[in-house]
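The values are calculated or read from the model by the stated rules, or taken from the named source; none is laboratory data. All values reported here derive from a predicted model rather than from experimental measurement. Counting neighbours? That spans all protein chains shown, and the Cβs are built from the backbone with ideal geometry, glycine included.
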Protein chains: 2
Amino acid sequence: MGRSENSNTAEDLLQLSQQLCFALYAATHAFNRAYKPLLAPLELTYPQYLVMLVLWEADDLTVKEIGSRLQLDSGTLTPLLKRLETARLVERVRDSADERQVRVHLTESGRALRKKAEGIPKKLAQAIGRPIPDIVALRQQLTDLRARMDAVAG
Amino acid sequence: MGRSENSNTAEDLLQLSQQLCFALYAATHAFNRAYKPLLAPLELTYPQYLVMLVLWEADDLTVKEIGSRLQLDSGTLTPLLKRLETARLVERVRDSADERQVRVHLTESGRALRKKAEGIPKKLAQAIGRPIPDIVALRQQLTDLRARMDAVAG
DNA sequence: CACAATTAAATTGTGCACAATTTAATTTAT
DNA sequence: ATAAATTAAATTGTGCACAATTTAATTGTG
């Protein structure tokens, strides 16, 4: 109000970036809530689902390799992978060639779960309810944003 | 590859929406990592910072009111607010008119902290490093997305 | 008025996320 | 070959996030 479009003050700028952070934070939580009922039949949490997606794409990875794909460290992954092992979806075995590494591979039921998971993204896409190009563009913007943030935070 | 732009199969669509979810998830975590060093001097976590932003905008709110602004429930807020109280940034008092409610208000040092926080969004905006209209557009898209997700998940 | 239903916080329990440290194996540079 | 440095997981501890339950106060209804 009373300020032209081309004279963004420092305050405007600050406020805007705050809103972006909060919008991101809120959208992520809303997404997680939307995923919950879709993942419930598989008895997976969203982070567990991400790990399964990674393994469905490339099986038999080390904890480190899974971590680099999802930007998570062993402090997060070790207990998560133990839960997946307890659920008989994966097995964790020390690499005999390099005993520091633990290789994670799918069990038969881990591979079988993929079938049950196939319907999920479609339902979620319906929930998003936007044209494909919009989804692509938004995804790309978020990926760029992440790259910038990573560059800042290391 | 070998598929025209206008023939998105069900699989494409599924894959795309998966990527959007993951991009959102990854961008949020990258944001949190970028915030950490900026919030460290204030000794606040990002969720604590969000609560302080809410209170700086409108002081003396009930736990419920804070929760509706941030989409968080008492299970999350009660321990967080107790930590802010321990840090002497807020005080929690039962409402004498309705003893079920707890009103949260800033202390003098809670109000004073705002000065130290003022520099943060600017640094973050620099980290984002994009033109204002792009930030506005992205924020709007995320807000819309959240609204759709909330509509689905209740 | 009494009592059922509702509401606001708090509590309990599970599961990330991440910093910091520890343990053990491997690599590198003497 | 051996000591130092590096690497991969695991562990420890803090702080969300959220479902489910509990407690206590208030409101609504017969």
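Has the stretch A:59-69 got at least one residue that is more than 30 Å from B:Lys123 (Cβ to Cβ), assigned by TED's automatic domain parsing to the domain that holds A:Asp98 and touching an Asp or Glu at 6+ places or on another chain (Cβ under 8 Å)? Yes, the stretch A:59-69 has at least one match. Being surrounded by 17 or more Cβ atoms within 10 Å (Cβ to Cβ), away from DNA strand C (no atom under 12 Å from the Cβ) and within 14 Å of chain B (Cβ to nearest Cβ): is that true of A:Ala26 here? In short, yes.
Given the structure, is B:Thr76 touching a Ser or Thr at 6+ places or on another chain (Cβ under 7 Å) and within 12 Å of chain A (Cβ to nearest Cβ)?
No; evaluated as a whole, the condition is false for this residue.
List the number of the failed condition for B:Arg69; all other conditions in (1) over 19 Å from the mean Cα position of the chain (by Cα); (2) assigned to a helix (DSSP H, G or I); (3) not hydrophobic (A, V, I, L, M, F, W, C) hold. For B:Arg69, the exception is condition (1).
Just one of the listed residues (B:Arg83, B:Arg92, B:Arg69) is away from DNA strand D (no atom under 11 Å from the Cβ), basic (Lys, Arg), more than 14 Å from chain A (Cβ to nearest Cβ) and surrounded by fewer than 20 Cβ atoms within 10 Å (Cβ to Cβ), namely B:Arg92.
Given the structure, is A:Ala112 modelled with pLDDT of 95 or more and either surrounded by fewer than 13 Cβ atoms within 10 Å (Cβ to Cβ) or of a type in the set (Gly, Ala, Ser) (or both)? Yes: the conditions hold for A:Ala112. Residue under question is B:Val63, and the condition is that it be surrounded by 15 or more Cβ atoms within 10 Å (Cβ to Cβ) and within 14 Å of chain A (Cβ to nearest Cβ); does it hold? No: the conditions fail for B:Val63.
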